[in-house]
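Shown next, in structure tokens, is the structure this report addresses.
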2 protein chains.
Amino acid sequence: MKESLLIDNLSIDCVIFGFDEGKLKALFIKRNTEPCKGMMSLPGGFVYVDEDLTHVPARRLKDLTGLKNVFLREVGAFGKIDRYPERRVITIGYYALINSSDYKLDVGADAQDVRWISVDEVPELPFDHTEIFDAALIKLRKHVRYEPIGYNLLPEKFTITQLQTLYEAILNKKIDNRNFRKKLAKIGILKDLKEKQKNVSHRAANLYSFNKKKYETLVEKGYTFDF
Amino acid sequence: MKESLLIDNLSIDCVIFGFDEGKLKALFIKRNTEPCKGMMSLPGGFVYVDEDLTHVPARRLKDLTGLKNVFLREVGAFGKIDRYPERRVITIGYYALINSSDYKLDVGADAQDVRWISVDEVPELPFDHTEIFDAALIKLRKHVRYEPIGYNLLPEKFTITQLQTLYEAILNKKIDNRNFRKKLAKIGILKDLKEKQKNVSHRAANLYSFNKKKYETLVEKGYTFDF
DNA sequence: ATAGTATATTGTAATAATGAAACTGACTTT
DNA sequence: AAAGTCAGTTTCATTATTACAATATACTAT
């Protein structure tokens with residue numbers, strides 16, 4: 001049985017992004033302890049003395065959603081003197097990208113304390129969580145332009161239209177479909193699965209997956225993207 | 001007299017970049033306490049309980065170089081279990097850009113414990129300082145491509161050739177002079193000072209300064225750079 | 001089978017950015 | 001005054017980006 005100590009002045013907070021119904025959303029939980037009991041807030045946690053810092057958000061994600069090997073990026077350190085009312089606590093913010101179909105919340109009665117909220121409908125948050133959330137969204141928007149990390153928000157197999165809708169949701173602007181496809185074709189990091197969508201009431205779209213190998217080769221060669 | 005407490009499990013470390021003799025350099029200090037006494041290392045420090053986190057690197061810079069209002073960016077949090085041998089300490093890395101002509105080290109005898117070292121000649125460093133340094137350099141290279149932060153490394157008045165040499169040093173590649181000038185002219189964030197270099201043994205170059213106002217206007221309009 | 005509906009997919013012309021060479025300017029050194 | 005050195009401009013060919021609309025396909029309803 002694990003018996004390690006928590007470091008009580010250092011925490012992490014996580015902005016967990018998902019993509020559903022064509023919208024970019026984030027996962028919030030209702031606080032069940034004081035201070036700020038009852039408010040929706042970012043999932044967070046403290047660091048064990050015998051635990052690497054980067055392990056903490058991964059552990060928290062696993063506890064909350066059951067998901068392992070989640071895509072995680074650091075947002076930054078937040079350390080204003082009075083950010084946490086009880087005592088001096090410095091927190092490290094992270095964002096995670098998950099495929100929300102891997103983690104559909106029960107809409108039943110018991111799940112009231114965990115909610116997906118569209119990023120433009122986020123309510124008032126406790127402590128400096130609004131600042132952390134805003135910083136995470138800004139970083140995501142920057143990162144997604146220069147690295148193909150958006151795939152982490154989609155299922156294994158996806159259509160080009162889904163991918164475009166995702167980019168439009170994150171960057172909050174319309175993208176020309178023909179140019180988008182041309183750019184993707186040129187970069188060549190999509191693997192054509194030679195499969196079609198099923199059970200759709202219109203022309204079925206082709207399915208693709210992300211070609212990670214190809215992407216890593218390009219990065220080594222110093223290739224740079226810009227969506 | 002200030003009598004506040006240091007938080008002993010949270011520190012900051014600073015990669016201080018300067019540009020001199022056409023080379024990108026960083027400032028290192030020789031440790032005068034154990035552990036690792038005598039090794040060159042990144043300047044760092046601990047956080048006071050009544051001090052905002054972001055104030056710490058600014059204070060350290062001021063103590064070390066006398067410079068205020070230095071350009072500072074966060075690199076990230078470094079929190080491996082055994083990164084610091086004595087006890088569990090998590091550190092936040094920052095990088096700073098300073099105009100090294102504002103802070104010329106005495107090359108005399110007393111300054112042996114502080115040195116500018118070219119970024120491709122950095123020696124072995126204690127703890128995880130190599131990791132922090134590498135991360136800082138990677139971030140600088142990324143940031144400099146999308147924001148005109150390089151100006152912080154140059155004197156108030158500079159020539160376009162100096163600016164180009166700076167970019168070449170940071171990005172470690174040759175840039176076409178004609179296109180570099182065209183791009184600058186188009187962006188229009190340089191203010192032509194209508195002044196010339198003096199005491200040079202060739203045609204004197206025109207001097208410019210950075211037009212911060214213009215830059216901020218462009219950013220508001222959503223302009224994006226790519227050098 | 002046919003028409004209707006909804007989404008998938010494709011091409012072309014105009015414009016802008018880039019890369020490369022040849023030339024002029026201003027000052028210094030010999 | 002001739003030669004050297006770096007500053008800065010002009011021009012042109014090549015390549016990349018942008019803007020823009022018609023056709024193809026799969027399914028549904030009749």
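Is it true that some residue in segment B:107-130 is within 14 Å of chain A (Cβ to nearest Cβ) and over 12 Å from the mean Cα position of the chain (by Cα)? Among the residues of segment B:107-130, at least one is within 14 Å of chain A (Cβ to nearest Cβ) and over 12 Å from the mean Cα position of the chain (by Cα), which makes the answer yes. Scanning segment B:98-106 for any residue that is within 14 Å of another protein chain (Cβ to nearest Cβ) and among the hydrophobic types (A, V, I, L, M, F, W, C) turns up nothing.
One residue alone among A:ASN172, A:ASN152 is within 14 Å of another protein chain (Cβ to nearest Cβ), more than 15 Å from DNA strand C (Cβ to nearest atom) and either surrounded by 14 or more Cβ atoms within 10 Å (Cβ to Cβ) or not small (Gly, Ala, Ser) (or both), and that residue is A:ASN172. Take B:ALA135 and tell me if it is surrounded by 17 or more Cβ atoms within 10 Å (Cβ to Cβ), part of a strand (DSSP E or B) and away from DNA strand D (no atom under 16 Å from the Cβ). No, not satisfied. If you take the residues in segment B:205-227 that are at pLDDT 90 or above and of a type in the set (A, V, I, L, M, F, W, C), which one is nearest to DNA strand C (Cβ to nearest atom)? Step by step, filter segment B:205-227, then rank; the result is B:ALA205. Taking segment B:73-82 as the range and being under 13 Å from B:HIS129 (Cα atoms) and facing another protein chain (nearest Cβ under 9 Å) as the test, the residues that pass are B:GLY76, B:ALA77, B:PHE78, B:GLY79, B:LYS80. A:VAL56 meets the conditions (1) of a type in the set (A, V, I, L, M, F, W, C); (2) more than 14 Å from chain B (Cβ to nearest Cβ); (3) not in a loop (DSSP other than H, G, I, E, B) in every case but one. The failed one is (2). A Cβ distance below 6 Å, combined with a sequence gap of six or more or placement on separate chains, defines the contacts here; from segment B:198-227, residues that are in the same structural domain as B:ARG141 (by TED's automatic domain parsing) reach no residue that is of a type outside the set (A, V, I, L, M) and in a strand (DSSP E or B).
Yes/no matrix, rows are residues, columns are (1) among the basic types (Lys, Arg); (2) farther than 23 Å from A:ASN69 by Cβ:
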site: A:SER101; (1), (2): no, no
site: A:PHE158; (1), (2): no, no
site: A:LYS174; (1), (2): yes, yes
site: A:ASN179; (1), (2): no, yes
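When you look at B:VAL70, is it touching a strand residue (DSSP E or B) at 6+ places or on another chain (Cβ under 9 Å) and within 14 Å of chain A (Cβ to nearest Cβ), yes or no? Taking the combined requirement at face value, the residue does not satisfy it.
Residues in segment A:192-203 that are out of contact with any strand residue (DSSP E or B) (no Cβ under 7 Å at 6 or more places or on another chain) and of a type in the set (Lys, Arg) were compared, and the one that is farthest from DNA strand C (Cβ to nearest atom) is A:LYS198. Within segment A:115-123, the presence of a residue that is buried (at least 20 other Cβ atoms within 10 Å of the Cβ) and in contact with a strand residue (DSSP E or B) (Cβ under 6 Å, 6 or more places away or on another chain) is excluded. Of all residues in segment A:181-219, those satisfying the criterion of being within 16 Å of DNA strand D (Cβ to nearest atom), among the charged types (D, E, K, R) and assigned to a helix (DSSP H, G or I) are A:ARG181, A:LYS182, A:LYS183, A:LYS186. Within segment B:24-39, identify whether any single residue is more than 10 Å from chain A (Cβ to nearest Cβ), among the polar types (S, T, N, Q), assigned to a strand (DSSP E or B) and out of contact with any Asp or Glu (no Cβ under 8 Å at 6 or more places or on another chain), and answer yes or no. Within segment B:24-39, not a single residue is more than 10 Å from chain A (Cβ to nearest Cβ), among the polar types (S, T, N, Q), assigned to a strand (DSSP E or B) and out of contact with any Asp or Glu (no Cβ under 8 Å at 6 or more places or on another chain). Of everything listed in (1) modelled with pLDDT of 95 or more; (2) near DNA strand D (Cβ under 10 Å from one of its atoms); (3) surrounded by 14 or more Cβ atoms within 10 Å (Cβ to Cβ), the single unmet condition for A:THR165 is (2). Sort out which residues of segment B:129-147 are without any contact (Cβ under 8 Å) to a residue 12 or more places away in the chain and hydrophobic (A, V, I, L, M, F, W, C), and write them in order of number. Answer for segment B:129-147, where residues must be without any contact (Cβ under 8 Å) to a residue 12 or more places away in the chain and hydrophobic (A, V, I, L, M, F, W, C): just B:ILE138. Here A:ILE160, A:ILE189 are screened, and the one residue that is within 10 Å of DNA strand C (Cβ to nearest atom), touching a helix residue (DSSP H, G or I) at 6+ places or on another chain (Cβ under 9 Å) and more than 14 Å from chain B (Cβ to nearest Cβ) is A:ILE160. Within segment B:90-105, the residues that satisfy the criterion of being more than 18 Å from B:ARG59 (Cβ to Cβ) and touching a helix residue (DSSP H, G or I) at 6+ places or on another chain (Cβ under 9 Å) are B:ASN99, B:SER100, B:LEU105. Annotation: A:ASP82 fulfils all but one of (1) under 30 Å from B:LEU6 (Cα atoms); (2) assigned to a loop (DSSP other than H, G, I, E, B); (3) touching a Phe, Trp or Tyr at 6+ places or on another chain (Cβ under 7 Å); the unmet one is (3). Return yes or no: is A:VAL144 within 14 Å of chain B (Cβ to nearest Cβ), surrounded by 19 or more Cβ atoms within 10 Å (Cβ to Cβ) and closer than 24 Å to A:SER209 by Cα? Considered against the rule, which asks whether it is within 14 Å of chain B (Cβ to nearest Cβ), surrounded by 19 or more Cβ atoms within 10 Å (Cβ to Cβ) and closer than 24 Å to A:SER209 by Cα, A:VAL144 comes out as yes. Among the β-branched types (Val, Ile, Thr), under 21 Å from the mean Cα position of the chain (by Cα) and either within 14 Å of chain A (Cβ to nearest Cβ) or over 30 Å from A:ASP52 (Cβ atoms) (or both), is that true of B:ILE12? Yes, satisfied.
Taking residues in segment B:56-76 that are outside the structural domain of B:ALA135 (by TED's automatic domain parsing), and partners anywhere that are surrounded by fewer than 18 Cβ atoms within 10 Å (Cβ to Cβ), not one pair has Cβ atoms closer than 7 Å while being at least 6 places apart or on different chains.
The values are calculated or read from the model by the stated rules, or taken from the named source; none is laboratory data. Treat the numbers as computed from the prediction; the structure is a model and nothing was measured. A quick note on method: Cβ atoms are made from the backbone with ideal geometry, for glycine too, and the neighbour counts reach across all protein chains shown.
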